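Peer 1: Could you have a look at this structure, given as structure tokens, before my questions?
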Amino acid sequence: MLNFIPEIPVAQWINTAVDWMKDTFQFIFDPIKQDFGQFVETTADWLSQIPALIVILIVALIAFFVSGKKFGLVAFSIIGLWFVYNQGLWEELMYTFTLVLFASLISIIIGIPAGIWMSKSKWAQTIITPILDFMQTMPAFVYLIPAVVFFGIGMVPGIFASVVFATPPVVRFTNLGIRQVSNELVEAADAFGTTGSQKLFKVELPMARKTIMAGVNQTVMLALSMVVIASMIGAPGLGDKVLTALQRSQEGPGFVAGFGIVILAIIIDRVSQNLNKG
């Protein structure tokens with residue numbers, strides 16, 4: 001009955017738009033792919049060269065102090081990281097951590113200002129909210145397509161896909177946290193003649209810190225959840241080991257690599273949650 005309606009060439013339009021973006025902004029994509037990619041690789045290599053014992057001790061000390069000098073998280077961190085090292089996956093762990101680190105930092109740098117803008121402007125919230133909905137509901141595999149088109153394969157497209165997937169929580173939580181600041185506090189700040197920036201940095205952001213940090217925690221966890229998917233476009237690390245094991249039907253190596261991701265996720269999650277309690 002609806003056959004009289006011609007097919008809308010959406011796919012063709014998207015292909016044309018992507019080709020135009022690739023050609024027009026190649027002067028931006030190429031330096032990111034080469035220079036930033038080299039920086040990320042160098043960082044991962046540098047972390048891999050640090051003796052595992054030193055890294056484990058540093059993580060244990062961080063866990064000790066952020067947990068209020070409790071030994072549960074310390075013991076888990078030491079045993080978990082030792083297990084990863086014992087299984088010969090230490091270098092892969094450092095590459096995975098590097099990917100999560102850069103993806104999370106970029107997401108936070110983009111997300112917190114966007115969340116602040118949303119909290120201050122109804123127009124910005126109207127525009128940004130459906131974009132965030134799109135980013136959160138679009139299947140993660142779809143992000144790999146423009147990532148490969150713009151940046152080739154390797155760590156950079158993996159970080160790009162992770163940023164797209166992981167940014168929405170920190171934007172939403174920042175917006176929510178600032179909007180939930182007590183009106184009485186805001187009015188008191190206005191009464192004392194504070195400027196907009198003073199009110200933001202001395203009243204609103206401090207009061208919204210716990211909510212914003214909860215968003216940061218979610219962003220880091222989502223970035224970590226992308227490591228296996230990112231390995232499909234050449235991102236090295238534990239995710240690549242899981243993908244290889246899946247392709248070869250090797251249950252043991254796949255489980256061990258996956259368990260390494262779980263260990264890293266629990267350590268990062270517990271540390272960030274304890275930081276938010278401070």
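Peer 1: Pairs on different chains or at least eight residues apart, Cα atoms closer than 20 Å: how many lysine pairs in the chain fit?
Peer 2: Lysine pair count for the chain: 11.
Peer 1: Quick one: if the Förster radius is 35 Å, what FRET efficiency do Leu185 and Ile127 give, using the C-beta to C-beta distance and rounding to 0.05?
Peer 2: My answer for the efficiency is 0.80.
Peer 1: Report the one residue of Val148, Pro169, Ile50 whose Cα lies farthest in the direction of the positive end of the charge dipole of the range 38-277 (charges on C-beta: Lys and Arg +1, Asp and Glu -1; origin at the Cα centre).
Peer 2: Checking the options against the dipole of the range 38-277, the answer is Pro169.
Peer 1: So for each of 102-115, 219-232 I average, over its residues, the number of other beta carbons within 10 Å; can you give me the resulting order with the highest mean first?
Peer 2: Highest to lowest by the protection proxy: 219-232, 102-115.
Peer 1: Is any helix in the chain, taking whole DSSP H runs, at least 20 angstrom long along its axis by alpha carbon and on average at least 1.6 on the Kyte-Doolittle scale, and which ones?
Peer 2: Helices meeting the criterion: 52-66, 71-86.
Peer 1: Charges at C-beta only: +1 for Lys and Arg, -1 for Asp and Glu. How large is the resulting dipole of the range 138-210 about its Cα centre, in Debye rounded to 20? All intermediate terms of the calculation are to be shown ahead of the outcome.
Peer 2: Numbers: 6 positive and 4 negative charges, 35 e Å.
It comes to approximately 160 debye.
Peer 1: Right, next: Averaging sequence separations of C-alpha pairs under 8 Å and six or more residues apart, then dividing by the length of the range 38-277, give the relative contact order as a whole percent.
Peer 2: Computed value for the range 38-277: 25 percent relative contact order.
The numbers here are math on the coordinates, done by the rules we state, and not lab data. Everything quoted here is computed from the prediction, not taken from an experiment. Backbone-built Cβ (ideal geometry, glycine too); neighbour counts: all protein chains shown.
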